[in-house]
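Accompanying notes for the structure given below.
The values are calculated or read from the model by the stated rules, or taken from the named source; none is laboratory data. These figures come from a predicted structure and were not determined experimentally. Here the Cβ positions follow ideal geometry from the backbone for every residue, glycine too, while neighbour counts run over all protein chains shown.
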């Protein structure tokens, strides 16, 4: 299936990053948030990140301008999602909020439209049950910062079709990302493994085994992690 028009719901750290990478790779992006001030801030963030890429020589001025031209902002789902081929929900990690969004999307979006969530832990099968198109509901868990990190966890719900899975793999690859298929279990893969590691690092600090810098250094130098677990916990919290 052909995906040209993409809607991103939520303009925070993850949402504006997702909008950025889609727009930079030629997709027409509708960025939706309930507050225009949040949308304005998102566009400022995207512009700042594009300027950083421009300074590094990884993009041209023309690509920067085209990326910004590819993004439109909206404050209602009806305006922002009615013509979409793919929706990525990146709102708060709260099932009640997601349930409301997906029920509304199911009524607004065309029958062919794929509905995806950037959730890092909420069941895709449970989200899909809020719609009449569970075969077209899937997880697209991007990593932070989205413009830099290559991974997309593609989470299949129990009813996600092969066609939907293939379309999401193809679109992820078109973003120069590396999609990895996982099944719908608590925490998927990334958080299922990451959260116990961070918790253990905190206990290691609490019990006085070593200090913050020492714990992170052991994990970076001994386990080849680019960032220590305590540094990562602070980074994710502040992002």
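For segment 78-88, does any single residue satisfy the condition of being more than 18 Å from residue 109 (Cβ to Cβ), assigned by TED's automatic domain parsing to the domain that holds residue 114 and surrounded by fewer than 21 Cβ atoms within 10 Å (Cβ to Cβ)? So that I can check it myself, show each step before the final result.
As a first pass, look at segment 78-88 and keep what is more than 18 Å from residue 109 (Cβ to Cβ): none.
No: zero hits.
Summed over segment 186-199, residues that are at pLDDT 95 or above and in contact with a helix residue (DSSP H, G or I) (Cβ under 8 Å, 6 or more places away or on another chain) total 2.
Counting only residues that are in contact (Cβ under 8 Å) with a residue 40 or more places away in the chain and out of contact with any helix residue (DSSP H, G or I) (no Cβ under 6 Å at 6 or more places or on another chain), how many does segment 80-104 have?
Total satisfying the criteria: 7.
When 181, 153 are screened for being at pLDDT 95 or above and surrounded by fewer than 18 Cβ atoms within 10 Å (Cβ to Cβ), only 181 passes. The conditions of being farther than 19 Å from residue 3 by Cα and either free of Cβ contacts under 8 Å to residues at least 60 places away in the same chain or surrounded by fewer than 23 Cβ atoms within 10 Å (Cβ to Cβ) (or both) are not met by residue 110.
Within segment 49-104, being under 13 Å from residue 9 (Cα atoms) and in a loop (DSSP other than H, G, I, E, B) holds for 75, 76, 82, 84, 90, 91, 92, 93. Among the residues making up segment 143-162, those that are over 10 Å from the mean Cα position of the chain (by Cα), within 24 Å of residue 113 (Cβ to Cβ), in contact (Cβ under 8 Å) with a residue 12 or more places away in the chain and not in a strand (DSSP E or B) are 157, 158, 159, 160, 161.
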